[in-house]
1. Tell me the strands (runs of 3 or more DSSP E) entirely within region A:89-143 that contain at least 3 residues that are modelled with pLDDT of 95 or more and within 13 Å of C:Met92 (Cβ to Cβ).
2. Determine whether region B:220-234 contains at least one residue that is hydrophobic (A, V, I, L, M, F, W, C), within 20 Å of B:Pro56 (Cα to Cα) and in contact with a Ser or Thr (Cβ under 8 Å, 6 or more places away or on another chain).
3. Using beta carbons and a limit of 7 Å, which pairs, at least six apart or on different chains, have the first residue in region B:303-315 and under 15 Å from B:Gly258 (Cβ atoms) and the second one basic (Lys, Arg)?
4. Taking region A:48-67, which residues are more than 10 Å from chain C (Cβ to nearest Cβ) and under 21 Å from C:Val70 (Cβ atoms)?
5. Mind listing whichever residues of region B:207-249 are outside any helix (DSSP H, G or I), modelled with pLDDT of 95 or more and among the small types (Gly, Ala, Ser)?
6. Evaluate region C:27-44: report whether one residue or more is surrounded by 12 or more Cβ atoms within 10 Å (Cβ to Cβ) and closer than 30 Å to A:Pro32 by Cα.
7. Looking only at region C:53-68, filter to residues that are at the interface with another protein chain (Cβ under 10 Å from one of its Cβ atoms), assigned to a strand (DSSP E or B) and under 11 Å from the mean Cα position of the chain (by Cα); which one of those is nearest to A:Glu104 (Cα to Cα)?
8. If you check A:Ala27, A:Ala5, which single one turns out to be more than 9 Å from chain B (Cβ to nearest Cβ), in contact with an Asp or Glu (Cβ under 9 Å, 6 or more places away or on another chain) and at pLDDT 95 or above?
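The values are calculated or read from the model by the stated rules, or taken from the named source; none is laboratory data. Note that this is a predicted model, so its numbers are computed, not measured. Backbone-built Cβ (ideal geometry, glycine too); neighbour counts: all protein chains shown.
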Amino acid sequence: MSESAAPGIDTAFPLSPEMRAAIIAHARREAPRECCGIIAGRDGAPVRVYPTTNIAEGNRFYEIDPKELADLEFRELPNENAEIVAIYHSHPASPAYPSRTDVELAFWPEAVYLICSLEDPDKPYIRGFTIRDGQIAEVTLPA
Amino acid sequence: MPWGVSYFLMKNSEYAMHDRAKATRTTPEQAICGPDAALLASIAESAVARSIGNTPLHRLRRYERYLGLPETIELHLKAEWVNPGGSIKDRTALSIVRAAIKSGQLGPGRTLLDATSGNTGIAYAMLGAALSFPVTLVVPGSASEERKRTLAAYGARVIYSDPYEGSDGAIRLVREMTSVAGDDFFYADQYNNPANPAAHVATTGPEIWRQSDGRVTHLVAALGTTGTLMGTGAYLRQQGAVQLIGVQPAEAFHGIEGLKHLPTAIVPGIYDPSLPDRIMGIETEAAFEAARALARVEGFFAGSSTGANLAAAGELARELASAGQAARLVVIGCDGGARYLSTGLWELG
Amino acid sequence: MASESTVQVLIPTPLRRFTDGESRVEVSGATVGDALDALEARFPGIDERVRDDSGQIRRFVNLFVNGQNVRDRDGIATPLSPGDELGIIPAMAGGSAA
């Protein structure tokens, strides 16, 4: 199927401990607003974390600054022979599961959607999903 | 305990004990691991690790004449760009890595993490490739294209921090990450890790002492993590009456990559303000001009921090000359000029 | 009347299944709208992802001409010059609401 990303990444995403920590740190810094960013990879392996600007209003939405996204997708990442492998955002006050909004606005089916929950401020956690044609499937992250 | 001179002069075994004690305090499970013998052995076998250090010390006769200095004042440049990763930071990184392996903080599959926009990151990435441990660097989004590509070439992972917050922003982000999951990776923390100055106590200092026939009178070293001045200076101070000169940008907003304007930056934990005899502030343009002059007069193509050191050394040399003093100044040549081709340093014109 | 310009359309990953995997497609057109028409003629179905029934750019799609968002210019009427790059970028958006 043309929508599948790099082999293996569909069912298990190798989010490294320091990338996990970077996303949680970003989420905490941005709270009570949602944070957002992307992870770029090469040959299916995540290699770069790019925190991005959330241009959405209020505390319950995110939209990655389209200018930053365009620069990454069309300029920086092709130059580096890399591609977007994951998109992350935070749910500052709710569980790490795709909301209806997340599903409706999932325009990047090839990417893994990582959601960081700060619902319990002392126990932040991240889960990963693919969202394709309205279907949510969980992607295994390293323990 | 502040990282004073006495601390730098501890024996290697004492460092290891101290590191282990520190690890036990913060993360008990790390100390249990113990050193990974295979990883330690791989340092001894690594061609890259073995080619770090023992760099030449060059007398700059043509540059002395260019400045119009009397024969009694000598400038010597420590050519750190001949290190395999291209900078003095290879020494720092190797020392930090070795200490971390010995203390059990770095082992197979465990990631080394640090905040660095520059040469230390390249050195970690190089050693990670050469010794087979993963490396992730927190880098300001403003880092140059050649930096990003160099890190990618060695296979290091990168997390970007706010481009507007510069290197301090990268340090802040790494600290936040450590507070989230500090046990899951090894935070090398070059700004606070005693193995940073220890590298220069063990290698840079003795080399300079030997190469200058024990006649060095002044050491001129730029301040970034401050490890070079702290470690080399501590060693030289033990050997004789050497004046220790720290070089920083004259202003908070400057274009000398890797240097810190201490009054407005996060002051490194390894910095001991009582050690330097003098801190000189250098304008960005003066640093660039000295680097350009070095290339044209001596044929050494060095970077902007070397330029800052040379500009400070030139100023100092003139003062000493007019006071009628004899001196042998040793100037740290931090890295080469090719790393800054896309910056304002080498614009034609 | 403006003359046609040959421009490069930059195709984002999610739309490359319409372009046989191509990330850059050359089309001709005097405006952004013309270029999208030409793109649709070559790769049927792609325009529906970019414009709605009334021909306007969808809320969660942004178009950039040489890095400048056409919403800050004249939308689909934004004129094109030879060699321009027209980037199509679907939003990365969502949120914890609902």
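1. On the way: elements: A:112-117, A:125-132, A:135-139.
By residue number, A:112-117.
2. The first filter runs over region B:220-234 and keeps only residues hydrophobic (A, V, I, L, M, F, W, C), leaving B:220-223, B:229-230, B:234.
When the remaining residues are screened for being within 20 Å of B:Pro56 (Cα to Cα), the result is B:220-222, B:229.
Retained after the next criterion (residues that are in contact with a Ser or Thr (Cβ under 8 Å, 6 or more places away or on another chain)): B:221-222.
There is at least one residue in region B:220-234 that is hydrophobic (A, V, I, L, M, F, W, C), within 20 Å of B:Pro56 (Cα to Cα) and in contact with a Ser or Thr (Cβ under 8 Å, 6 or more places away or on another chain).
3. B:Gly303/B:Arg339
4. Let us first name the residues in region A:48-67 that are more than 10 Å from chain C (Cβ to nearest Cβ), namely A:48-51, A:53, A:57.
Result: A:Thr53, single match.
5. B:Ser212, B:Gly214, B:Ala221, B:Ala222, B:Gly246
6. no
7. So, considering only residues that are at the interface with another protein chain (Cβ under 10 Å from one of its Cβ atoms), assigned to a strand (DSSP E or B) and under 11 Å from the mean Cα position of the chain (by Cα), the one nearest to A:Glu104 (Cα to Cα) is C:Val61.
8. Numbers: A:Ala5 fails: at pLDDT 95 or above.
So the residue among A:Ala27, A:Ala5 that is more than 9 Å from chain B (Cβ to nearest Cβ), in contact with an Asp or Glu (Cβ under 9 Å, 6 or more places away or on another chain) and at pLDDT 95 or above is A:Ala27.
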